[in-house]
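Here's the structure, in structure tokens; my notes come after.
The values are calculated or read from the model by the stated rules, or taken from the named source; none is laboratory data. The model shown is predicted, which means the values in this text are computed figures rather than measured ones. Neighbour counts are summed over all protein chains in view; Cβ atoms, including those assigned to glycine, are modelled from backbone coordinates with ideal geometry. Side chains included, ligands, DNA and RNA excluded: accessible areas come from the protein's heavy atoms. Shrake-Rupley method; radii C 1.70, N 1.55, O 1.52, S 1.80 Å.
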Amino acid sequence: MRWLALCCTPDAPAGDVDALGWLALSFTPRVARLEEAVVAEVSTSLRLFRGARALRQRLQQQASQAGLALGAMAWAQTAVGALALARTADTTPGRLGERLDALPLSALTAAHTHHAMLARLGCTRLGELRRLPRPALARRFGPALLTALDRAYGDLPEVHEWLSLPDRFDARLELPYRVEHAPVLLHFAEVLLRQLCIFLAARHAGVRTLRLSWQHDAMRARDVAGSGEIDIATADTTRDLPRLTRLLGEHLARTELAAPAGEIRLSADSVLPLQEASVSLLPGPTDPAERTTTNALLERLSVRLGADHVREGRLREDHRLDHMQRWQAWPAPPAAASRRPSGPQPTWLVQPPRPLRSDAREQPTYCGPLSLVSGPHRIEAGWWEGPGGMQARDYFVYRSATRGLLWVYHERPSSTPAASPGWFLHGVFA
């Protein structure tokens, strides 16, 4: 067996150990928590990742990209032995027994409580402890010390509870001091965001909604609620850490805390599959990176300007041409696919339609004469909405020398009595 022990740095957040275990699950399914570290049995994965050195370098690279405080790492034939070597940062080559014999007693957790007594006996290293008479050692210090020692050297089998990914992400972080301004929360929320992205990478998934909540200080005013929260939505499924960080920062910049916060919590109830797309050789409309960049920009604009100021056009099925498109706040919820309209659709609608004058030939004019491009497109629909919804029109596309392509219709005499006959400007093409 080939065990790899992974330790975080002493100043790492508490949640980094869990995130480190999720990261290790991307390399092998046999990952377990062992005291303050994570151990992974990778003997069946070495060939896939082209050897132990390549696997270790790739794991270090991904941990660095995720912002994890990865500290010491060590290889051994046993999990307890690998943890002992990692604690002492031992990298000397040799057999496992010889390497463990040279380690101090502090490398083995079971020897910590007996360190003073063992030191008085002149025993300071694991090799010296192992050479003591076993029956007397068991009577004096208990069987747990011998069991841990045997498991480290591989004389007894090890039993581990394998890690598994939870169905949903929910992590909390107690703040080191009371935070009075919401933008300051972003510094601490980045720790939880890193854990979230590693969790999503292990599940090959992404999110579209997040929730950041905080607990107010107990000394708050009576009329202030005990907690607050904000919901963050993305345009598409993602696990991009910089993008989520920037979006959360935009929300927090426009949030005021009703009272100082002492704890934050990040949750993602809905985890969605993320389709991994191949990177295109040439950039273009179908390039996934370009779509992601555009969506990230629109997300920030929607937060800064307001949801109603960033809008998205959607097609809908209707016989009336001006009802075939609807502009909604971006991002609009997914809708069923609709048939393409039979006639051209302008970029901007003129509401209400503007009346136009006609020349001697009964042709419309707008800032000068117009030349016909296409038409007529005749419609007679809307009767199901009553007299006010009935339309009997002939639509045309005209070209203006100064205004470009225009969407013009002529109200037919067979229309409703409330409709005014004549020519109307109803849209402008970009």
| Cα-based shape type of the chain, given that a ≥ b ≥ c are square roots of the gyration tensor eigenvalues and the cut on a/c is 1.5 | prolate
| field | Mean Kyte hydropathy of 0.0 or more with a Cα span along the axis of at least 15 Å, helices from DSSP in the chain | value | 143-153, 185-202, 241-253
| request: With a 1.4 Å probe and every protein chain left in place, work out the accessible area per residue of region 1-132 in Å², rounded to a whole number. | output: 49
| message | In Å², and per residue, what accessible area does region 167-235 have when probed at 1.4 Å with the other protein chains present? | response | 53
| field | Sorted peptide list for 65-72, 353-360, criterion being average Cβ within 10 angstrom, highest first | value | 65-72, 353-360
| query | What length, rounded to one decimal in nm, is gained on full extension from Arg139 through to Thr294, with 0.36 nm per residue of separation minus their alpha-carbon distance? | reply | 48.8 nm
| note | Rounded to the nearest Å, the spacing of the alpha-carbon centers of region 14-28 and region 106-128 is 31
| remark: Carbon and sulfur atoms account, in whole percent of the 1.4 Å probe accessible area of the chain, for 53
| query | Which value in deg cm²/dmol, rounded to the nearest 500, describes the helix-derived mean residue ellipticity at 222 nm for the chain, given -39,500 (n - 2.57) per DSSP H run of n ≥ 4 and division by the residue count? | reply | -8000 deg cm²/dmol
| Extension reserve of the Glu385-Glu36 stretch, reckoned as 0.36 nm per residue once the Cα distance is removed | 118.7 nm
| field | Cα centre as origin, Lys/Arg/Asp/Glu Cβ charges: region 134-215 dipole, Debye | value | 80
